[in-house]
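The values are calculated or read from the model by the stated rules, or taken from the named source; none is laboratory data. Note that the structure is predicted; figures quoted are calculated from it, not measured. All Cβ positions, even for glycine, are placed from backbone atoms using ideal geometry, and neighbour counts span all protein chains on display.
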Amino acid sequence: MRMPRFMQDIAAALQFLTRLPLPQLAYDSDALSRSAKYFPLIGLALGLVTAFAFEWLSLHLPVTLAALFAVLISVLATGGLHEDGLADTADAFGGGWTRDQVLAILKDSRIGSYGALAVVFSILGRTWLLAALVGADATKYIISAQVLSRWTALPLGCLMTPARTNASQGARLAQQISALSLCIGTATMLAIVGYLLRMMALTPVLAALCVTGLSGFYYRRRIGGITGDCFGATTQLTEIAVYVAAVWHG
């Protein structure tokens, strides 16, 4: 029996953003861009897993160690997808001077010093920030951070051109996400974050908007568009920014 279209799209979003064992879907060139409106829902699922791990582990371990394990669980759940994007982007923009140099480094799967430092600081930063969040609001901010960070692919994919014209992951999202998908995904994001944080939602949402806008402007200025690794880097930076906003607000 064939799955309804919306279930196929949710499955495609899960398959792309996580490493959950799912049945192999039939290839559809439009599936990724069509499924993007469900990215905030996948963020909700990842946030629930991460928040549960952190809250449970913090009952049995020192809070910093519980935060570290919760971060590692979220990395395992996504297969390090966004960490890989952050590392490649840091290497490329840190080591490349021209557009062609940046794009060439982005294609290189090896990790360099900039990339290694970026991942180390990302994991340590999230660990420290989560440890500082321990308390009643920790779960709300963890889930909100996962939702907001996955939402960033929607405005970037709707408004930005691909830096490469080949059939890369970035090209499958850049300028392929419709305005309707952006609206649906944004409404979903606002509903989840607004429900969880109420009046406190403004600061994390503004943080996500700022990171998305500034990173998109930077990608456009440096390489004339966006790549799949750039999507991952913005996701990581937004998650960190939301945690910073939470600690600042707290």
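Some observations on this one:
- The criterion of at least 2 residues that are under 28 Å from ASP9 (Cα atoms) and of a type in the set (Asp, Glu) is met, among helices (runs of 4 or more DSSP H) falling completely within region 29-122, by 81-95.
- Screening the candidates ALA77, ALA53 for the property of being under 26 Å from ALA118 (Cβ atoms) and touching a residue at least 40 places away in the same chain (Cβ under 8 Å) yields one hit, ALA77.
- Entirely in region 148-210, the helices (runs of 4 or more DSSP H) that have 1 or more residues that are at pLDDT 95 or above and among the hydroxyl-bearing types (Ser, Thr, Tyr): 179-197
- Test: residue in region 123-140 that is modelled with pLDDT of 95 or more, in a helix (DSSP H, G or I) and basic (Lys, Arg): yes
- Of the criteria (1) at pLDDT 95 or above; (2) under 19 Å from TYR243 (Cβ atoms); (3) surrounded by fewer than 21 Cβ atoms within 10 Å (Cβ to Cβ), which one LEU46 fails: (3)
- Considering region 211-228, the residues that are in contact with a Leu (Cβ under 9 Å, 6 or more places away or on another chain) and not in a helix (DSSP H, G or I) include one that is nearest to GLY80 (Cα to Cα), namely THR227.
- Residues of region 147-205 classified as on the phi > 0 side of the Ramachandran plot and in contact with a Lys or Arg (Cβ under 6 Å, 6 or more places away or on another chain), total: 0
- Out of ASP108, ASP91, ASP100, sole residue that is of a type in the set (D, E, K, R), more than 15 Å from the chain's Cα centre (by Cα) and buried (at least 19 other Cβ atoms within 10 Å of the Cβ): ASP91
- The selection criterion, being of a type in the set (Ser, Thr, Tyr), crowded, with 19+ Cβ neighbours inside 10 Å and touching a residue at least 60 places away in the same chain (Cβ under 8 Å), holds for THR235.
- Figure legend. Inter-residue proximity from region 31-50: first residues within 16 Å of ALA191 (Cβ to Cβ), second residues aromatic (Phe, Trp, Tyr), beta-carbon distance below 8 Å, spacing 6+ or different chains. Indicated pairs: PHE39/TRP151; PRO40/TRP151; GLY43/TRP151.
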